[in-house]
Amino acid sequence: MEIVTGGPEHVDAAALIWAHAVAERDGYGVPALEEARPGIENALAGEPSLFLLAMRDGVPVGFVAGGPQETRTAYINYVGVHPDAWGEGVGEALLRALPAALTGCGYEKAELMVFVDNVRGVRLYERLGWIKVGDTAPHPRHGRVEQRYAFSPA
C-alpha cells in the first residue's frame, strides 16, 4: 500500500469510498456519487487543504480529507476506508502519514469528530495519540453522539 497526496482527479474516488463506507457502517443503500461529492469538495475548499490517499495496486482504497479550522489547526472532515479494505491497516497507514502532511501545510495540530459508537475508529485514534477534547455532543442533524479529538504531530 502506498500513501499519496490526492488531487482534484481523486475527488470522485474519495466520494465513492465514503459512500460505500457509510452505507456499510450505517446499514443503508450506497449514496450516489452526486450526493457524496459535495462533502469532499467542501472539505478541500479551504487552503491549505489536506488530501491523502491510500493506494493498493494503483486503486484508491482509503483517504483523509480536510483543511483549515483556525490559523494553525486543521480540521479532518473525513477518514474513510472502503469496506473491502477494512481491517487491513489502511486507516492506520493514513493516520501515520498525516503528521508529515500537517507539518508540510504549516499546521500545528488537527482535530476531528468521531461517533462514539465507532469503536474501531475510537481505538485507533487513541492508540495513535489523539486526545479527547471536551464532552460528547449529539450530531446536529441526526443526534448520533460524537466526540472531538485533537492531535499534535510535534
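Count Lys and Arg as plus one, Asp and Glu as minus one, and take only other residues whose Cβ is under 13 Å from that of residue 40; the net charge is then -4.
Of the labelled figures [x] 17.9; [y] 15.6; [z] 15.1, only one reflects Kirkwood radius over Cα pairs in Å as derived from the coordinates, namely [y]. How large, in percent, is the carbon and sulfur part of the accessible surface of the stretch 1-112 at a probe radius of 1.4 Å? Here it works out to 49 percent. Based on protein heavy atoms only, the chain ends up with 52 Å² per residue of surface accessible to a 1.4 Å probe. Dipole check for the chain: with +1 at the C-beta of Lys and Arg, -1 at the C-beta of Asp and Glu, and the Cα centre as origin, the magnitude is about 500 Debye.
Cα centroid separation, the stretch 114-152 to the stretch 6-42: 21 Å. Where in the stretch 61-80 is the amide nitrogen less than 17 Å from a point lying 7 Å along the Cα-to-Cβ axis of residue 141? Residues passing the 17 Å test: 65-66, 76-80. Each helix, a run of at least 4 DSSP H residues, gives -39500 (n - 2.57); summed and divided by the residues of the chain, these come to -10500 deg cm²/dmol at 222 nm.
The values are calculated or read from the model by the stated rules, or taken from the named source; none is laboratory data. Fair warning: this is a prediction, and the values are worked out from it, not measured in the lab. A quick note on method: Cβ atoms are made from the backbone with ideal geometry, for glycine too, and the neighbour counts reach across all protein chains shown. SASA here: full protein model, heavy atoms, side chains in, ligands and nucleic acids out. Shrake-Rupley method; radii C 1.70, N 1.55, O 1.52, S 1.80 Å.
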